[in-house]
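The values are calculated or read from the model by the stated rules, or taken from the named source; none is laboratory data. Everything numeric in this text was worked out from a predicted model, so none of it was measured. Glycine also receives a Cβ, built like all others from the backbone with ideal geometry; neighbour counts cover every protein chain displayed.
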Amino acid sequence: MFGWNKPKAPTPANGVYFSWTPECDIGIQRFDQEHRQLAGLINQLHTLMVVKRDRAAADQLADQLLKMTRTHFASEEDLLAETEYEELESHRQQHSDLINELRDLHRQFKAGTLSALAMPNFLKKWLMEHIQNSDRRYVPHLKSKGVD
């Protein structure tokens with residue numbers, strides 16, 4: 001169990017937990033914008049959980065992050081279905097798995113059995129791996145359909 005009265009964890013040197021760079025973009029404008037928004041929420045969640053130790057605000061933000069994640073996933077899945085992306089079911093399953101994992105982490109956080117760093121760390125790692133490995137795979141398909 002994480003002690004909320006322990007000394008604050010150090011903040012990264014630039015003050016940002018999840019630094020988004022142009023190299024993170026996949027080249028599909030609306031999804032790049034949504035990915036940047038998700039990264040921003042992960043940064044805010046990290047600040048609330050690790051730096052400020054504000055459980056109530058972190059809980060509300062985790063709810064907001066879950067909703068925005070669902071919205072983003074629906075947006076991706078709708079466009080991939082519309083353009084008949086062959087790997088849609090696999091991509092959809094990855095999204096479903098993340099939503100389930102995020103719900104479980106949020107429950108653990110509410111119960112006080114989760115380290116404050118666990119959720120931001122998981123989300124940062126998952127988002128970057130998913131974008132770099134899975135999302136980049138659909139880019140040629142969408143570009144061939146005229147999507148920028």
field: Number of the exception - Phe109 against (1) in contact with a helix residue (DSSP H, G or I) (Cβ under 7 Å, 6 or more places away or on another chain); (2) in a loop (DSSP other than H, G, I, E, B); (3) more than 17 Å from Phe18 (Cα to Cα); (4) modelled with pLDDT under 95
entry: (2)
query: Out of the residues in the range 76-106 that are farther than 17 Å from Arg137 by Cβ, under 17 Å from the mean Cα position of the chain (by Cα) and of a type outside the set (A, V, I, L, M), which is modelled with the highest pLDDT?
result: Ser96
field: Count of the range 116-144 residues which are exposed (fewer than 14 other Cβ atoms within 10 Å of the Cβ), of a type in the set (Gly, Ala, Ser) and in contact (Cβ under 8 Å) with a residue 60 or more places away in the chain
entry: 0
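If you check Asp54 against the conditions, is it closer than 22 Å to Gln37 by Cβ, among the charged types (D, E, K, R) and in contact (Cβ under 8 Å) with a residue 40 or more places away in the chain?
When the stated conditions are applied, Asp54 does not pass them.
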- request: Starting from residues that are without any contact (Cβ under 8 Å) to a residue 12 or more places away in the chain, in a helix (DSSP H, G or I) and not polar (S, T, N, Q), keep the ones in the range 57-94 and report whichever is nearest to Ala111 (Cα to Cα).
  value: Ala57
- line: Of the residues in the range 112-127, those that are out of contact with any Leu (no Cβ under 7 Å at 6 or more places or on another chain), more than 30 Å from His141 (Cβ to Cβ) and either assigned to a helix (DSSP H, G or I) or aromatic (Phe, Trp, Tyr) (or both) come to Asn121
field: Scope the range 78-115; condition of a type in the set (A, V, I, L, M, F, W, C) and farther than 17 Å from Gln64 by Cα; matching residues
entry: Leu79, Leu80, Ala81, Leu88, Ala111, Leu114
message: If Arg103 meets every condition in (1) surrounded by 13 or more Cβ atoms within 10 Å (Cβ to Cβ); (2) farther than 21 Å from Phe31 by Cα; (3) of a type in the set (D, E, K, R) apart from one, which number is that one?
response: (1)
- line: Per the filter on the range 26-52, residues of a type in the set (Lys, Arg) and either part of a helix (DSSP H, G or I) or crowded, with 17+ Cβ neighbours inside 10 Å (or both) are Arg30, Arg36
